[in-house]
Every structure is written in structure tokens, then in C-alpha cells.
Amino acid sequence: MVTFLIISVLFLGLIAIAVYFWQKPANKTETIELPPPRPAGLFANQAPSQLAEVTKEQLLDDNQQPQSDERDAKRALAEEFMEAWQEAPDKNSTAKMLHLAALADDAETYRTAVELVLDVWQRKGISQMSAAELQTLFNSEFWILSSRTRSSGTGFVLKETLSRAKRELERANNQPTHQLRPVD
């Protein structure tokens with residue numbers, strides 16, 4: 001019985017293969033080719049003279065103008081707050097001042113703010129802020145600056161200032177608290 005079943009399955013398989021190969025082939029073996037595409041540029045609706053009317057400088061000026069005005073306003077606000085901060089520096093206003101300086105997206109403004117804070121802190125002007133907190137604040141606000149600002153020439157000078165501040169704060173952090181003296 002099993003032999004009959006196996007033979008019948010093989011026989012049906014051979015019949016299926018024979019039908020597959022004996023099918024009538026298609027009348028046309030050629031593929032239909034599409035006509036070649038019309039050559040056209042990327043901006044086919046515009047002539048090259050129309051494209052040349054807008055120059056690269058015009059595009060940069062149009063894009064930079066609003067950003068420049070906004071950056072100048074933020075820089076002025078940060079500088080005003082720095083002047084007001086010097087009257088009564090404390091922990092909260094220090095954080096806010098550094099944040100405003102970073103939001104100005106100007107490495108020179110942020111560098112000035114860092115140097116100002118470090119100078120006041122060394123003279124014990126911000127007594128409730130530890131060296132570790134100040135170092136964390138400097139580093140965290142630094143990352144608010146855009147990558148373009150951080151990698152610019154003034155950004156390099158800012159990194160040097162932050163590195164110097166880090167060394168001074170680490171030195172102060174490693175000294176016992178009774179030996180800390182303000183730098184005159």
C-alpha cells in the first residue's frame with residue numbers, strides 16, 4: 001500500500017513537470033523598450049539665466065540678517081545682566097547670568113561671563129557655591145552654545161578659558177576648606 005502511494009505521488013509529480021515544460025511559449029520573446037527620456041536639467045522649467053539671478057551672497061544675507069539681529073539683542077541682554085549681577089552675585093543669579101551668556105551664542109560673551117564669575121568666586125563673592133558646582137555649571141552652559149560657535153576661533157579661546165577655570169576649581173576642590181584664600 002505504501003509502495004502504491006509513493007509511486008502515485010512520483011507519477012503525479014512527473015505529470016506536473018511534463019505539463020510545465022509542454023506549455024505553449026509566449027508569441028513574443030522580445031521585451032518592449034521604452035523611448036529614451038528627454039534630456040532635461042534639474043530645474044527644467046527655468047532657464048539658466050533665471051537661476052543665476054540669485055547669488056550666494058544674497059542667500060547668505062537673507063538668512064543671516066534675522067539671526068544676527070536676534071544674536072545682537074541676546075548679547076546686549078547678557079551684558080546688561082552681567083553688569084547687574086556684579087552688584088549682588090548669588091548662586092541663582094550666577095546660573096541665570098551664565099545661561100543668558102550662553103544663549104547669546106557668542107563665545108566672547110560667554111568667556112567674559114566665565115572669567116567674571118570665576119574672579120568673583122575666588123574673592124569669595126559667591127560663598128554658597130562650591131567649586132564642583134561652579135565647574136558643572138560652566139560645563140553644562142557651554143553646551144548650549146551652537147557647534148559653530150564652539151568650534152570657531154573665539155570658541156577655542158573660550159575652551160582655553162574653561163580649561164584654566166577647571167584647573168583652578170579642581171585645585172580649590174582638592175584643598176582643605178580652611179586653606180582656601182581669596183586671590184587678590
Exercise for the section: Considering every residue within the stretch 154-168, establish whether at least one is in contact with a Leu (Cβ under 7 Å, 6 or more places away or on another chain) and crowded, with 19+ Cβ neighbours inside 10 Å. Expected result: yes
Problem - Residue tally, condition within 26 Å of Ser151 (Cβ to Cβ) and not in a helix (DSSP H, G or I), over the stretch 74-125 - result: 3
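Taken together, the values in this text are just the output of simple stated rules run on the coordinates, not laboratory data. Everything numeric in this text was worked out from a predicted model, so none of it was measured. Note that each Cβ is placed from the backbone with ideal geometry, even for glycine, and that neighbours are counted across all protein chains shown.
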